[in-house]
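The values are calculated or read from the model by the stated rules, or taken from the named source; none is laboratory data. Small disclaimer: the values here were computed from a predicted structure and weren't measured. Backbone-built Cβ (ideal geometry, glycine too); neighbour counts: all protein chains shown. Please note that ligands, DNA and RNA were not included when accessible areas were found on the heavy atoms of the full protein model with its side chains. Shrake-Rupley method; radii C 1.70, N 1.55, O 1.52, S 1.80 Å.
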Amino acid sequence: MAAKLKKGDTVVVLTGKDKGKQGEITAVMPSKGKAVVADINVSIRHTKQSQNSQGGRVPQAMPVDLSNLAIVDGNGKATRVGFRMEDGKKVRFAKTTGDVI
C-alpha cells in the first residue's frame, strides 16, 4: 500500500491526550502502522549514567498510531490524503483543497 503519511509531513493529532497538537513526522514504521511525531506523545525515559552520557530523566517522543494522525493542508486544517496520476507520476493530494502535497 502506498504511504499516505511520510517523514517530514506536518500532521495534527486527532485523538488522545495530545488531540489538536501539530508536529512534524520524524520517523514512520509502516510494518507497525505507527509514526513518531516531534514533541507529541512524550514520555520520560530514565537513563543510567555512563562514560558517554550524563544520565537522568530524558524526554522521548513515543510512536503514535497512523490512524490518529491527519496531514495539514495549505489552509492549516486536517485533511485526508488521496492519490492521482499527473504527467505519468502518482502524486499525493489533499482531499479538501485538491492541492498536491
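Annotation: per residue accessible area for segment 11-101 equals 69 Å², rounded to a whole number [probe 1.4 Å, protein chains only]. A simple count of charges around ASN68, restricted to other residues whose Cβ falls under 15 Å of its Cβ and scoring Lys, Arg +1 and Asp, Glu -1, yields +4.
Sorting the segments 72-80, 43-51 by their mean number of nearby beta carbons within 10 angstrom, highest to lowest, gives 72-80, 43-51. Bridging of LYS95 to lysines at a Cα separation below 30 Å is possible for LYS4, LYS6, LYS7, LYS17, LYS19, LYS21, LYS32, LYS34, LYS77, once same-chain residues fewer than 8 apart are set aside. If the Kirkwood radius is taken over C-alpha pairs of the chain, then at 20 °C and 1.002 mPa s the Stokes-Einstein diffusion coefficient equals 142 µm²/s. The HN-Hα couplings worked out from phi for segment 3-12 by the Karplus form 6.51 cos²θ - 1.76 cosθ + 1.60 (θ = phi - 60°) are 7, 7, 10, 10, 4, x, 6, 8, 10, 10 Hz, whole numbers, x standing for Gly and Pro. Couplings 3J(HN,Hα) for segment 38-54, derived from phi with the Karplus relation 6.51 cos²θ - 1.76 cosθ + 1.60 (θ = phi - 60°), are 4, 6, 10, 6, 7, 10, 9, 9, 8, 10, 7, 5, 9, 5, 8, 9, 6 Hz, where x marks Gly and Pro. Under a model in which nothing but the beta-carbon of Lys, Arg (+1) and Asp, Glu (-1) is charged, segment 30-101 shows a dipole of about 260 debye around its Cα centre.
Can you send over the carbon and sulfur percentage of the accessible area for segment 50-101, probe radius 1.4 Å, protein chains only? Kindly include the intermediate steps, with their values, before the conclusion.
Details: 1680 of 3640 Å².
C and S atoms contribute 46 percent here.
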